[in-house]
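The values are calculated or read from the model by the stated rules, or taken from the named source; none is laboratory data. Just so you know, these numbers come straight off a predicted model, no measurement behind them. Here the Cβ positions follow ideal geometry from the backbone for every residue, glycine too, while neighbour counts run over all protein chains shown. Quick note on the areas: whole protein, heavy atoms, side chains included, nothing else; ligands and nucleic acids left out. Shrake-Rupley method; radii C 1.70, N 1.55, O 1.52, S 1.80 Å.
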Amino acid sequence: MTQFTHSLPYLHQTTTTFSNPSSSMNKNNQVPPDKPTKPWFPTSKALTTFGDTNCMEQLLVHCANAIETNDVTLAQQILWVLNNIAPQDGDSNQRLAYSFLRALTNRAVKTGTCKMLVEQVYSNAHNNLTIDTHRFSVIELANFVDLTPWHRFGYAAANAAILEATEGFSVIHIVDLSSTHCMQIPTLIDAIANRHEVAPLIKLTVSDHANCNSDQLIPPKLDLSYEELGSKLVNFARSRNVTLEFRVVSSSYTNGFASLIEHLRVQRLVYSGEALVINCHMMLHYIPDETLSNSNSYVYDSMSSTTTATTITTTTTSLRSLFLNALRGLDPTLVILVDEDVDLTSNNLVSRLRSAFNYLWIPYDTVDTFLPRGSKQRQWYEADICWKIENVIAHEGVQRVERVEPISKWEQRMRNANFQGIGFGEECVGEVKAMLDEHAAGWGLKKEDEHIVLTWKGHNVVFASAWLPA
């Protein structure tokens with residue numbers, strides 16, 4: 001996947017940008033009858049040209065610019081073209097473009113001038129712009145994450161690092177900050193049971209972000225409470241002769257898991273001799289970063305772990321970095337950081353769209369290797385991707401929570417918080433490679449400096465890194 005590099009077929013633009021919506025619309029926000037705005041209808045040959053993936057990307061970029069400048073006619077024209085070349089049930093690139101089309105339409109509906117026209121051109125083919133994300137049972141979610149290395153890669157790397165770092169400890173306290181609701185933990189329990197004749201006591205602490213407000217829920221979603229999930233994990237551990245203590249702390253990424261940090265600080269004072277492992281799996285990028293500095297800023301007291309909103313807009317340190325500083329204050333035995341290797345933090349819509357488009361083609365491309373067309377699991381899988389795309393494109397401010405950062409930025413944050421990276425050993429790399437052998441041939445592994453990277457057809461997908469207090 002490369003970015004668009006050649007010219008776009010000419011789009012005839014009949015009107016200029018609406019700098020004053022009232023000049024072209026009546027008081028009911030309708031186009032006057034004597035000034036109809038008709039979409040441009042390209043020939044079938046032109047549609048074939050537009051069907052090129054790089055051309056679709058450029059169309060999306062032009063559409064985003066038109067929406068941002070309230071150029072109603074051009075936005076309507078491009079939306080019509082995209083609607084005809086990007087069917088929901090097309091090939092992987094068409095489905096990718098459809099998801100971005102849907103997100104841009106949702107963004108346009110939220111804006112003033114474009115709202116009525118976009119609803120008008122779009123309502124014929126798509127009557128419902130909401131995304132129906134599935135609520136998984138535990139078995140469904142366990143099977144779901146096993147379909148692809150997207151999450152299993154991080155599980156395998158983290159488990160190997162945790163086993164090595166906690167060797168000799170009789171109590172291992174794992175704090176699981178994960179977007180997949182502890183689905184890694186059974187594999188870790190298995191690994192611990194297989195490694196020890198007498199397994200250490202495992203304490204598992206999780207943050208119940210599943211109880212956030214409905215607009216803060218992040219896919220994949222679970223259909224049971226964390227208390228019920230904990231009971232199942234305790235029973236599973238018992239079946240493997242491992243004692244597991246499960247604790248839920250009500251805490252949210254929106255304020256940097258402040259109550260969780262406070263809970264851990266108290267626990268650390270009482271139980272200083274146990275191994276403390278902070279396992280962060282695709283969750284930290286939901287903590288607000290510097291790109292939210294023009295909204296409410298936050299004052300985070302790392303000593304008391306309290307967070308308060310202020311109206312100060314000059315804060316240069318994000319809640320994300322302050323959270324890492326608070327983690328360092330806990331003096332953990334090990335911190336695992338696994339996340340997607342892409343930058344979706346830009347406040348510029350076009351820049352963000354390009355980054356997302358040139359990354360999120362990967363899940364659409366890979367799905368053909370493990371899920372048949374029309375299957376329920378495939379619908380669930382692609383609905384979750386659509387949710388991510390819509391959050392990146394259609395939302396702003398605190399509602400835009402998909403602010404993913406690349407490994408280079410996380411490395412800088414971790415070092416600034418006084419952590420040092422440690423490389424993954426050959427045993428860990430071997431475990432990951434063995435796992436990848438269970439999947440399609442396009443998946444690969446790169447070892448870079450002190451971290452490892454999951455790749456698809458040579459493109460970076462997910463990174464895994466391990467950190468110790470410096």
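Every residue, every condition in (1) more than 26 Å from ALA258 (Cα to Cα); (2) without any contact (Cβ under 8 Å) to a residue 60 or more places away in the chain; (3) open to solvent by 20 Å² or more (accessible area, probe 1.4 Å); (4) in a helix (DSSP H, G or I), yes or no:
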site	(1), (2), (3), (4)
PRO332	no, no, no, no
LEU337	no, no, no, no
VAL350	yes, no, yes, yes
LEU353	yes, no, no, yes
ASN358	yes, no, yes, yes
THR366	yes, no, no, yes
PRO372	yes, yes, yes, no
GLU382	yes, no, yes, yes
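Residue by residue through the range 397-409, note down the ones that are free of Cβ contacts under 8 Å to residues at least 24 places away in the same chain and part of a loop (DSSP other than H, G, I, E, B).
Filtering the range 397-409 for residues free of Cβ contacts under 8 Å to residues at least 24 places away in the same chain gives 400, 408.
Within the range 397-409, ARG400 is the sole residue that qualifies.
Kindly list the number of the only condition in (1) surrounded by 16 or more Cβ atoms within 10 Å (Cβ to Cβ); (2) farther than 23 Å from VAL248 by Cβ; (3) at pLDDT 95 or above that fails for ASP289.
Evaluating ASP289 over (1) surrounded by 16 or more Cβ atoms within 10 Å (Cβ to Cβ); (2) farther than 23 Å from VAL248 by Cβ; (3) at pLDDT 95 or above leaves (3) as the failure.
Could you run through the range 150-160 and say how many residues are open to solvent by less than 10 Å² (accessible area, probe 1.4 Å) and small (Gly, Ala, Ser)?
The number of residues fulfilling the criteria is 3.
If you check every pair at least six apart or on different chains, which have Cβ atoms under 7 Å apart with a residue in the range 65-81 that is farther than 18 Å from LEU353 by Cα and open to solvent by 30 Å² or more (accessible area, probe 1.4 Å) first and a residue that is outside any helix (DSSP H, G or I) and not hydrophobic (A, V, I, L, M, F, W, C) second?
TRP80/PRO39
Every residue, every condition in (1) outside the structural domain of TYR364 (by the TED database); (2) farther than 18 Å from GLY430 by Cβ; (3) more than 17 Å from the chain's Cα centre (by Cα), yes or no:
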residue: ALA142; (1), (2), (3): yes, yes, yes
residue: PHE153; (1), (2), (3): yes, no, no
residue: ALA161; (1), (2), (3): yes, no, yes
residue: ALA165; (1), (2), (3): yes, no, yes
residue: MET183; (1), (2), (3): yes, yes, no
residue: THR187; (1), (2), (3): yes, no, yes
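Of all residues being of a type in the set (Asp, Glu) and modelled with pLDDT of 95 or more in the range 168-211, which is least open to solvent (accessible area, probe 1.4 Å)? Just the residue, please. Steps first, answer last, please.
If we filter the range 168-211 for residues that are of a type in the set (Asp, Glu), which is where we start, we get 176, 190, 197, 208.
In the following step, the residues that additionally are modelled with pLDDT of 95 or more were identified as 176, 190.
Values: ASP176: 8, ASP190: 52 Å².
Ranking the candidates gives ASP176 first.
Would you mind telling me which numbered condition in (1) under 18 Å from ALA356 (Cα atoms); (2) without any contact (Cβ under 8 Å) to a residue 40 or more places away in the chain ASN84 fails?
Failing condition for ASN84: (1).
Rundown of residues vs (1) closer than 17 Å to LEU324 by Cα; (2) in the same structural domain as ALA165 (by the TED database); (3) among the aliphatic types (A, V, I, L, M), yes/no style:
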{"site": "LYS232", "(1), (2), (3)": "no, yes, no"}
{"site": "ASN235", "(1), (2), (3)": "no, yes, no"}
{"site": "ASN241", "(1), (2), (3)": "no, yes, no"}
{"site": "ALA258", "(1), (2), (3)": "yes, yes, yes"}
{"site": "LEU264", "(1), (2), (3)": "yes, yes, yes"}
{"site": "GLU274", "(1), (2), (3)": "no, yes, no"}
{"site": "VAL277", "(1), (2), (3)": "yes, yes, yes"}
{"site": "TYR286", "(1), (2), (3)": "yes, yes, no"}
